[in-house]
Amino acid sequence: MPESKAGGPAQWLRQLPKSTTPSTLSTLKLTAGAATAGLALAAAVATAAGPWDSGQRTAERDRAVAQERLGGADHGSTGRGPATAPSAPGVLAALGASEGGDGSGGSVPAPTEGALADVLEPLLKDSALGPDRTASVVDAATGDTVYGSKAGKAVVPASTTKIATATAALAALGPDHRLTTRVVAEQGSDKLTLVGAGDPTLTARKDADGSASLRKLADDTAEALKQRADGAGAGKGEKAGKDGKGGKGGKKPAGIKLSYDVSRYAGTDQHPIGPNDNLAPVTALMADEGRLDDSAKGPAPRSGDPAGDAARTFADLLEDRGVKVDGPPGEHKAPKKAKPLAETSSAPLSALVERMLTNSDNDIGEALARQVALEGGEKASFAGAEKAVKARLGKLGLPVSGTRFADGSGLDRDDRITARLLTGLLAAAADPKRPELRPVLTGLPVAGFTGTLASRYEGDGAAPGTGLVRAKTGTLTGINTLAGSVVDADGRLLVFAFTASKTVAPQAAQDALDRLASAIANCGCR
């Protein structure tokens with residue numbers, strides 16, 4: 001039987017007073033482990049990822065530094081731990097050694113397949129996981145499989161599809177790529193076109209918070225129009241002056257005609273699930289993901305015409321800035337000879353990937369899949385994105401045989417992915433030779449703290465994974481999946497994927513998956 005390690009992150013437990021209760025002891029162990037293993041790992045991975053940054057990376061890095069300075073962790077309002085706890089030793093040897101290039105993982109021991117099987121197989125038999133479950137666990141340092149059960153069987157992956165979308169997008173475009181929404185003007189006319197770039201994070205809110213801003217675009221457009229009018233007026237004034245008739249100069253145009261261009265995307269904009277609060281129609285132009293409320297994530301009522309709504313909002317913003325807009329904007333492809341007037345760019349792709357994974361953002365998932373299609377020379381449609389994503393992952397040497405990427409979000413039940421591919425994607429993201437893929441890891445929700453895992457890991461047997469497990473969730477009716485990374489009790493970085501099909505009790509299935517990931521975190525398994 002495998003040994004559940006008492007050393008490493010929990011060595012100090014033996015020095016606690018005898019009056020310590022089991023529940024307190026578990027909380028203390030969890031707190032110290034999370035401080036250095038989960039949060040410090042987040043900081044290390046973020047640092048290794050490259051020069052780009054995002055709010056999530058900054059927060060996790062600062063928090064990790066703070067925990068090390070304080071000698072423990074206070075998890076704030078979560079109530080998960082005491083104010084301070086003894087610091088645990090560093091557990092980053094696996095990642096550090098793999099970056100050394102020897103592929104051995106250094107002195108940190110890897111779990112053995114037999115020992116890990118002894119821990120995981122009883123948990124995989126939980127009836128809450130339904131009749132069809134698959135599993136894969138891979139050593140991130142070496143890429144070796146340390147446990148597998150039906151790992152090559154293609155199943156409905158739900159939102160873990162976003163791991164594939166993220167990897168393909170980063171590989172195709174690079175982490176610094178931005179999506180730029182533009183306003184172009186027809187030469188010698190009063191016609192402007194708002195050209196969508198496929199950026200679902202474009203916002204009309206006052207606080208853009210690093211996203212592309214429709215308000216700033218309106219500011220710049222109004223200023224450009226003023227300068228154009230001033231220039232035209234000055235030219236006329238100069239000519240008139242030569243004629244001895246004088247000139248007025250600086251006169252604003254009577255009004256502009258505004259159109260919007262969504263031609264960057266092809267095919268239907270309606271996802272196969274139909275109108276749904278989980279995503280807006282997939283179009284190259286939208287503001288705030290077509291949300292009809294003030295929410296920024298999660299399900300919400302959506303516009304049936306997000307492109308038209310964004311254009312009408314932009315027209316109103318121009319009017320507020322003194323630009324007269326003649327009539328409502330209509331859809332129209334921008335002329336090829338139209339000249340750029342103003343533009344606004346999204347946050348870097350690395351940040352979009354992190355936001356998509358943390359919040360399981362379906363709109364970003366569909367947008368990024370289409371960006372992969374455009375880069376790969378395919379039409380930016382559901383079918384084109386499927387071809388391009390699969391081709392891009394194949395170029396990375398990943399096992400894509402038998403898989404399907406019917407959409408970029410995982411809402412389509414025609415998607416098919418194997419547990420082996422999911423761990424392959426995560427292992428690729430951990431590979432120091434592929435730093436451009438690192439946002440796939442840094443964007444994963446942290447168990448018990450962030451994103452779609454914020455309210456999980458409270459059940460029996462799952463708590464030890466709090467702060468240590470980082471994973472993407474996947475949930476459809478009858479489908480529950482979990483794929484991510486975890487540092488085991490010996491300090492080895494492992495990536496895992498667990499899928500469950502034909503489940504009947506969603507909460508019980510989620511708890512069972514959480515226990516599986518937590519078992520890896522709590523086990524040396526040698």
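The values are calculated or read from the model by the stated rules, or taken from the named source; none is laboratory data. For clarity, every value in this text was computed on a predicted model and none was experimentally measured. No Cβ is skipped: glycine too gets one built from the backbone with ideal geometry, and neighbour counts run over all protein chains shown. Areas reflect the complete protein model, heavy atoms only, side chains present, ligands, DNA and RNA absent. Shrake-Rupley method; radii C 1.70, N 1.55, O 1.52, S 1.80 Å.
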Val156 accessible area, assembled protein chains, probe 1.4 Å, Å²
20 Å²
With a 1.4 angstrom probe the carbon and sulfur portion of accessible area for region 458-510, in percent, totals 56 percent
Full-extension gain between Asp132 and Gln227, please, as 0.36 nm times their residue separation minus the C-alpha to C-alpha distance.
27.7 nm
Measure of exposure for Ser381: accessible area at 1.4 Å probe, Å² rounded to 10, is 20 Å²
I need to check one value: relative contact order of region 397-526, counting alpha carbon pairs closer than 8 Å and at least 6 residues apart, in percent.
20 percent
Simple spin-label model, 7 Å along Cα-to-Cβ: Glu458 to His332 in nm?
5.5 nm
Heavy-atom accessible area of Thr473 with all protein chains present, probe 1.4 Å, nearest 10 Å²?
10 Å²
Could you tell me the calculated FRET efficiency between Lys153 and Ser295, based on Cβ-Cβ distance and R0 = 51 angstrom, to the nearest 0.05?
0.90
Once both label points are put 7 Å beyond Cα along the C-beta direction, the Ala383-Gln507 separation in nm becomes 4.4 nm
Taking 0.36 nm per residue of separation between Lys339 and Lys395 and subtracting their Cα-Cα distance, the length gained on full extension comes to 16.5 nm
Magnitude of the charge dipole, region 392-526, Cβ model with Lys/Arg +1 and Asp/Glu -1, debye to 20
480 debye
For an R0 of 41 angstrom, estimate the FRET efficiency from the Cβ-Cβ distance between Lys257 and Arg413 and round to the nearest 0.05.
0.40
Contact order normalised by length for region 325-470, with contacts defined as Cα pairs under 8 Å and 6 or more residues apart; what percent is it?
19 percent
Accessible area (Å², per residue) of region 387-526, counting only protein heavy atoms and a probe of 1.4 Å
29 Å²
What is region 292-382's relative contact order, in percent, from Cα pairs under 8 angstrom and six or more apart in sequence?
18 percent
Order the following by accessible area, largest value first: His332, His177. Probe radius 1.4 Å; ligands, DNA and RNA are ignored.
His332, His177
Top to bottom by accessible area (1.4 Å), largest first, where do Asp269, Asp207, Asp431 land?
Asp207, Asp269, Asp431
What nm distance separates the two modelled labels at Arg178 and Asp144, each placed 7 Å from Cα along Cα→Cβ?
4.5 nm
What does the charge add up to near Leu217, with Lys and Arg as +1, Asp and Glu as -1, over the other residues with Cβ less than 10 Å from its Cβ?
0
Please work out whether region 305-443 counts as rounded, prolate or oblate from its C-alpha gyration tensor, where a ≥ b ≥ c are the square roots of the eigenvalues and a/c under 1.5 means rounded, while otherwise a/b larger than b/c means prolate and anything else oblate?
prolate
Which links in Lys333/Lys390; Lys191/Lys379; Lys150/Lys472; Lys216/Lys379 stretch past 23 Å when you go from one Cα to the other?
Lys333/Lys390; Lys191/Lys379; Lys216/Lys379
Of all accessible surface on region 299-344 at a 1.4 Å probe, what whole percent is carbon and sulfur?
51 percent
